[in-house]
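Remarks on the structure that follows.
The values are calculated or read from the model by the stated rules, or taken from the named source; none is laboratory data. This one's a predicted model, so the numbers in the text were calculated from it and none came from an experiment. FYI the Cβ positions are ideal-geometry reconstructions off the backbone, even for glycines, and counts take in every protein chain you see. The accessibility values were calculated without ligands, DNA or RNA, using every heavy atom of the protein model including side chains. Shrake-Rupley method; radii C 1.70, N 1.55, O 1.52, S 1.80 Å.
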Amino acid sequence: MKIIQVVGRSNSGKTTFIRNLVPVLKKAGRVAVIKHLGDHNYQMEPEKDTTHFFDAGADIAIGIDSDKSVVAIRKNTLETMLDLLLSQGMDYAIIEGFKQKPFPKIVIGSLVIDHCILTNPDIEEVVASLHLFAEYPE
């Protein structure tokens, strides 16, 4: 599974860049995105059954509707989620954030950081440079 990490300061355009990258990568395989939520915690919808199950201590709570599943998992490490994506047959895992991780990075904006291989690229540059990104597991 190819890891494509996108980092930058808040409001630098990371999410927009990833939204444009996903459909292009989808042409070549299965794509997943992991977002580092930073200082704010994701709020599960109050008073819903899956929230109650998670709050009751379930290790995993899943809600399934007619076209998707929503999963809350107690383990919250990037490596655990990458292992999960690998087990699901993903070809690409796009990571937004997690600046401290040692994967090759795309920087959006003016951030100076280790492991940067592309700065403010267009989508075509990323596709042409896929060979520079890490495989997981290495």
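The figures follow:
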read-out: Which listed residue is within 27 Å of VAL24 (Cβ to Cβ) and surrounded by 11 or more Cβ atoms within 10 Å (Cβ to Cβ), from ASP91, ASP55; value: ASP91
read-out: Qualifying residue in the range 9-23 (condition: surrounded by 10 or more Cβ atoms within 10 Å (Cβ to Cβ), in contact (Cβ under 8 Å) with a residue 12 or more places away in the chain, out of contact with any His (no Cβ under 9 Å at 6 or more places or on another chain) and within 19 Å of GLU135 (Cβ to Cβ)); value: yes
read-out: Residue that is farthest from the chain's Cα centre (by Cα) [pool: residues in the range 58-76 that are open to solvent by less than 90 Å² (accessible area, probe 1.4 Å) and among the small types (Gly, Ala, Ser)]; value: ALA58
read-out: Only one of LYS48, LYS35, LYS105, LYS101 that is of a type in the set (Lys, Arg) and farther than 25 Å from ARG9 by Cα; value: LYS48
read-out: Tally of residues being charged (D, E, K, R) and open to solvent by 80 Å² or more (accessible area, probe 1.4 Å) across the range 96-138; value: 6
read-out: Identity of the residue in the range 38-52, within 17 Å of LYS75 (Cβ to Cβ) and without any contact (Cβ under 8 Å) to a residue 12 or more places away in the chain, that ends up most open to solvent (accessible area, probe 1.4 Å); value: TYR42
read-out: Filtered residues of the range 29-57 (kept if touching a strand residue (DSSP E or B) at 6+ places or on another chain (Cβ under 8 Å) and under 30 Å from ASP91 (Cβ atoms)); value: GLY29, ARG30, VAL31, ALA32, VAL33, ILE34, LYS35, HIS36, MET44, THR50, PHE54
read-out: Subset tally (residues that are closer than 17 Å to VAL6 by Cα and in contact with a Gly (Cβ under 7 Å, 6 or more places away or on another chain)) for the range 69-102; value: 3
read-out: Within the range 123-138, tally of residues that are under 17 Å from ILE108 (Cβ atoms), touching a residue at least 60 places away in the same chain (Cβ under 8 Å) and touching a strand residue (DSSP E or B) at 6+ places or on another chain (Cβ under 6 Å); value: 1
